[in-house]
Amino acid sequence: MLRCLLISIAGLSLSAAAGAPGRAPVLVELFTSEGCSSCPPADRLLEQLDGQAIVLSEHVDYWDRLGWRDPYSSHANTQRQQAYARAFGTQGPYTPQLVIDGAVEFVGNDARRASEEFARARGREKVDVRVTRTAEGVLVEAAPSAHGAEVMLAIAKDNGASQVAAGENAGHRLHHVAMLESLRKIGSVKKGAGFRQTVEVPANAERVIAFLQDSGMGKVYGVGILGR
């Protein structure tokens with residue numbers, strides 16, 4: 001069942017993250033759509049978190065048939081969200097939805113909950129993940145992990161905007177950050193082992209993010225971003 005939920009973020013702030021020096025190693029994923037009228041507040045919330053956490057805006061495609069085709073939507077994003085729904089035991093995918101470190105999910109425009117969960121995530125011990133550019137692409141390195149995990153590589157656009165002409169957001173200009181373009185597994189780590197691998201990426205890749213995630217859409221143990 002398609003759900004589109006609205007919770008006001010008026011008057012709320014992300015004070016727990018204020019003044020943080022650089023991005024905290026916390027992965028914040030937003031499942032969103034330009035066809036959903038409850039999503040623009042969540043998009044703005046993700047933009048507030050950008051620079052404090054490492055964020056990904058994952059536009060799903062199941063809203064595309066309801067009046068407006070989101071130019072950033074992808075069926076792969078829908079499949080990732082469906083996998084999270086199975087892992088979390090929820091009734092199914094919905095928008096907007098925030099997932100923090102693969103450990104907790106909630107309605108994506110709930111700023112108070114986002115602030116609380118982000119503060120908790122910042123306090124957890126993380127594996128150091130580094131992404132650096134090389135002549136061959138990018139070098140992904142991870143310190144030894146206490147958990148076995150899959151090593152994932154995401155490529156995203158820095159930002160973008162749309163003038164929506166139809167659907168629930170008709171007449172509105174919407175702005176986004178960190179729109180996911182591709183996501184793939186580049187390897188895995190065993191418990192107690194580290195990781196080091198050079199990976200080819202497009203020369204025009206704007207954001208390159210690597211993270212360690214428990215198989216089966218589990219917890220994220222570490223995340224790093226190139227040059228940001």
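FYI, it's all coordinate maths here, none of it is from the lab. Predicted model only: the values in this text are computed from it and were never measured. We place every Cβ from the backbone using ideal geometry, glycine too, and count neighbours over all the protein chains shown.
Ordering 187, 93, 32 by the projection of their Cα atoms onto the charge dipole of the range 23-225, which places +1 on the Cβ of Lys and Arg and -1 on the Cβ of Asp and Glu, puts 187 at the extreme positive end. Between residue 219 and residue 133, the FRET efficiency from the beta-carbon distance, with R0 = 22 Å, is close to 0.20. Using R0 = 30 Å, the C-beta based FRET efficiency linking residue 186 and residue 65 works out to 0.35. Computing FRET efficiency as 1/(1 + (r/R0)^6) for residue 166 and residue 104, where r is the C-beta to C-beta distance and R0 is 45 Å, gives about 0.85.
The HN-Hα couplings worked out from phi for the range 87-103 by the Karplus form 6.51 cos²θ - 1.76 cosθ + 1.60 (θ = phi - 60°) are 5, 7, x, 7, 5, x, x, 8, 10, x, 9, 9, 10, 10, 6, x, 9 Hz, whole numbers, x standing for Gly and Pro.
The residues packed around residue 148, meaning those with a beta-carbon under 15 Å from its beta-carbon, carry a net charge of +2 if Lys and Arg are +1 and Asp and Glu are -1. Listed options for Rg and Dmax of the Cα atoms in Å are (1) 16.0, 45; (2) 16.9, 53; (3) 17.1, 49. The value calculated from this structure is the one marked (2). Largest mean-square fluctuation among 153, 98, 66, in a Gaussian network model of the chain whose springs join Cα atoms under 10 Å apart, belongs to 66. Compared with the direct C-alpha span, the chain from residue 198 to residue 87 gains 36.9 nm at full extension, assuming 0.36 nm per residue. Taking every alpha-carbon pair under 8 Å whose residues sit at least 6 apart, the chain reaches a relative contact order of 24 percent.
Between 111, 135, 205, the residue with the greatest mean-square fluctuation in the GNM of the chain (Cα pairs under 10 Å linked by springs) is 135.
On a 0 to 90° scale, report how tilted helix 111-122 is relative to the longest principal axis of the chain, with both axes built from alpha carbons and the result rounded to the nearest 10. Relative to the chain, helix 111-122 is tipped by roughly 0 degrees. Pairing the Cα long axis of helix 39-49 with the longest principal axis of the chain, what angle in degrees results, from 0 to 90 and rounded to the nearest 10? It is inclined by approximately 30 degrees. Its relative contact order, with pairs defined as Cα atoms under 8 Å and 6+ residues apart, puts the range 19-147 at 25 percent. Between residue 175 and residue 124, the modelled label-to-label distance comes to 3.1 nm, taking each label 7 Å out from Cα in the direction of the beta carbon. Once you reduce the range 139-218 and the range 36-70 to the center of their Cα atoms, the two points are 15 Å from each other. Net charge in the neighbourhood of residue 26 (other residues with Cβ under 10 Å of its Cβ; Lys, Arg +1, Asp, Glu -1) is +3.
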